[in-house]
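The block underneath contains the structure these notes are about, expressed in C-alpha cells.
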Amino acid sequence: MPRLTASKTQILDEAGYAYSFDRQIYINRKTKKAFSVEFVQDHSEDQIRKYIREHTDGPEWRFYFNSPPSEAVKHDLECVLG
C-alpha cells in the first residue's frame, strides 16, 4: 500500500471509508464515493475533508481520482461496488 500520512488515513477511517487493496481506492458505499490513493496523496487534509463533506445527490457514484476514470472503468467499479 502506498504511504499515506496517518492523519489522512484517520480522516477517511473516521468518515466510514474502507480501503480496497484490489482497487487501491478508499470507498464508502453509504455515500457512494471513492477516492484513489493517488488523489489522497496529492491533496491536503483540508481538501480531503471538503470532498468527504461534499453533498452528493442521486444514485451515481462520485469518483475522486487525479485523472477521471474512463466510462468503462466507472461502470466496472459501479458493478463491483454495488
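Pairs of Cα atoms nearer than 8 Å and 6+ residues apart set the relative contact order; for segment 6-81 it is 26 percent.
With neighbours defined as other Cβ atoms within 10 Å of a residue's Cβ, the residues 8, 50 order from fewest to most as 50, 8.
For the chain, what is the mean residue ellipticity at 222 nm derived from helices alone (per DSSP H run of n ≥ 4: -39500 (n - 2.57); sum divided by total residues; nearest 500 deg cm²/dmol)? Provide the component values of the computation, followed by the final result.
Values: 4 runs with 35 residues, N = 82.
One gets -12000 deg cm²/dmol as the mean residue ellipticity at 222 nm.
First select every other residue whose beta carbon is under 10 angstrom from the beta carbon of residue 61; then total the charges, Lys and Arg +1, Asp and Glu -1.
Values: positive: 29, 32, 33, 62, 74; negative: 60, 78.
Counting the neighbours of residue 61, the net charge comes to +3.
With all pairs of different C-alpha atoms in the average, the Kirkwood value for the hydrodynamic radius of the chain is 12.9 Å.
Applying the Karplus parametrisation 6.51 cos²θ - 1.76 cosθ + 1.60 with θ = phi - 60° to the phi angles of segment 26-38, what ³J(HN,Hα) value in whole Hz is obtained for each residue in order, glycine and proline being reported as x? Calculated HN-Hα couplings, in order: 9, 10, 9, 5, 5, 8, 6, 10, 9, 10, 6, 4, 4 Hz.
All of the numbers you see were taken from the coordinates with simple rules; none came from a lab. Not measured: the values here are computed from a predicted model. All Cβ positions, glycine included, derive from the backbone under ideal geometry; neighbour counts span all protein chains shown.
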